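My questions will all concern the structure given below.
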Amino acid sequence: MPNDRNPKRYGLIGTITLDHISYQSGRAFVGLGGVLYQAAALCGLGERVSLFSRCGRYLQDEVERAVADWAGLRREGLVYVAGPGNQVRLHYPDRGERREVLESVVTPLDAKDILSGLDRIDMLMLVINSGFDIELAEWRAVMAGVRSPVWLDVHSLALFPSIGVHRDYRPLPEWTRWAEGVTYLQANLQEVACMMGHPERFPDDRELKTFARLSFRLGISAVFVTLGKLGVRVLTPSKFRKIRSRDLGAPLDSTGCGDIFCAGTMACLVRGADPFKAAAFGVSLASRGVTVSGVTETYRLTADIGAAELRKM
């Protein structure tokens, strides 16, 4: 990878949430989350981030305190609106997928709120944190105006857009319209199952390859299928490879680990790394991310450890 030490600039679209997290063991805590995980990790790595998000004024003071020291964060695209913002309850059972209840949301972003801030960016990322982040038509308008590579994290798009009740996974045939023209696609196995039309079961290796080939026909260069503590599957038109996670300390909180993976991987890709080397760095960073909790600790972790490792790449 080229020895490029200059900070890169990212456009980051998504939702800031207040996460009410509980585990089967009885452990519970509350903290900011959503797109702030990617912002924290990228800023910790020394990058520059233009954040595009709407956030409830109820969370404004807490958000401003959390990001005060993130020198690379530009907040012109962060708009505070009336109300409690995106309040989310996440429960992690001992086995199986986490359970999510979205208790309140903010209005979706408009393309015009984003396009004016995308000059001279090196990478644009959309992470669907809530499913109410941006409407499809507005996203297509953004895609028509952006000239940089684009990363899409499907995430909550695979959940029914329900408020106040447990959100089940749903078939997602419209995923191709969201992904058309995107450079990099991120999803976990459950989300891939939704895109393939059978949320009730995970895809096998053959189905994953079929899904990847369809993605490549949409213009996608690489698909990153996150596997939780097992690592990530990286699929490109020429090669498929599994990159395993590393045991780098006692796990504390898995919330945001996929977001940390994304940030580390993007930081390498924009410097010219191939998807496999980039994902290896992202997995290493996420393996450390599970040992801390919350966006503030994520920023500290990447600033202390991740930035030094990135400079070695």
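The values are calculated or read from the model by the stated rules, or taken from the named source; none is laboratory data. This one's a predicted model, so the numbers in the text were calculated from it and none came from an experiment. Every residue, glycine as well, gets a Cβ built from its backbone with ideal geometry; the counts of neighbours run over all protein chains shown.
Of all residues in the range 46-55, which are over 11 Å from residue 71 (Cα atoms) and within 16 Å of the chain's Cα centre (by Cα)?
Step one: list which residues in the range 46-55 are over 11 Å from residue 71 (Cα atoms), which gives 50-55.
Scanning the range 46-55 gives 50, 51, 52, 53.
Enumerate the pairs (first residue in the range 149-173 and without any contact (Cβ under 8 Å) to a residue 40 or more places away in the chain; second residue anywhere and surrounded by fewer than 20 Cβ atoms within 10 Å (Cβ to Cβ) and among the β-branched types (Val, Ile, Thr)) with beta-carbon separation below 6 Å, excluding pairs fewer than 6 apart on the same chain, so at least 6 apart or on different chains.
150/183
Residue 310 fails exactly one of the following numbered conditions: (1) at pLDDT 90 or above; (2) under 20 Å from residue 122 (Cβ atoms). What is the number of that condition?
So the condition that residue 310 fails would be (1).
Among the numbered criteria (1) modelled with pLDDT of 95 or more; (2) surrounded by 14 or more Cβ atoms within 10 Å (Cβ to Cβ); (3) closer than 23 Å to residue 158 by Cα, which one does residue 219 miss?
All conditions are met except number (2).
For (1) among the β-branched types (Val, Ile, Thr); (2) surrounded by 15 or more Cβ atoms within 10 Å (Cβ to Cβ); (3) more than 30 Å from residue 168 (Cα to Cα), each residue gets a yes or a no:
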residue: 24; (1), (2), (3): no, no, no
residue: 27; (1), (2), (3): no, no, no
residue: 31; (1), (2), (3): no, yes, no
residue: 41; (1), (2), (3): no, yes, no
residue: 44; (1), (2), (3): no, yes, yes
residue: 56; (1), (2), (3): no, yes, no
residue: 64; (1), (2), (3): no, no, yes
residue: 71; (1), (2), (3): no, no, yes
residue: 79; (1), (2), (3): yes, no, no
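Follow-up. What's the number of the only condition in (1) in contact with a Phe, Trp or Tyr (Cβ under 6 Å, 6 or more places away or on another chain); (2) in contact (Cβ under 8 Å) with a residue 24 or more places away in the chain; (3) not hydroxyl-bearing (Ser, Thr, Tyr) that residue 129 fails to meet?
(1)
Here are some residues: 79, 49. Which one is within 17 Å of residue 12 (Cα to Cα), in contact with a Cys (Cβ under 7 Å, 6 or more places away or on another chain), of a type outside the set (Phe, Trp, Tyr) and in a strand (DSSP E or B)?
Values: 79 fails: in contact with a Cys (Cβ under 7 Å, 6 or more places away or on another chain).
Within the list 79, 49, the selection yields 49.
Exactly one condition in (1) out of contact with any Gly (no Cβ under 7 Å at 6 or more places or on another chain); (2) under 21 Å from residue 261 (Cα atoms) is false for residue 244; which is it?
(1)
If residue 307 passes every condition in (1) in a loop (DSSP other than H, G, I, E, B); (2) surrounded by fewer than 17 Cβ atoms within 10 Å (Cβ to Cβ) but one, which one does it miss?
Here residue 307 clears every test but (1).
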